[in-house]
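The values are calculated or read from the model by the stated rules, or taken from the named source; none is laboratory data. These numbers come from a predicted model, not from an experiment. Just so you know, the surface numbers come from the protein's heavy atoms only, side chains and all, with ligands and any DNA or RNA stripped out. Shrake-Rupley method; radii C 1.70, N 1.55, O 1.52, S 1.80 Å.
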Amino acid sequence: MENYQKIAREDFMKFFRDDEKLNELTADDRVEIFRTILIGNSDLTKELLNEILVDYDVSNLEIIKIENGKK
């Protein structure tokens, strides 16, 4: 395993909220973080996905919630 310095939650969030530092990440880094940061399937909700689509100004996708095989 690679050696790395432990980073406190506060330091991580400070980095994450710093646009200048965040811009040091590559597009691939950002996709990796986006795909792996949530804990599990309960984190992915219709509301969250719709908010993300709005945040990224994606207008050509729609999230449909299906419960018990019905829309």
Q | Wholly enclosed helices (runs of 4 or more DSSP H) of the chain bearing at least 1 residues of a type in the set (Gly, Ala, Ser) and open to solvent by 70 Å² or more (accessible area, probe 1.4 Å) | A | 27-36
Q) For Asn68, are the conditions met, namely being polar (S, T, N, Q) and at pLDDT below 90? A) yes
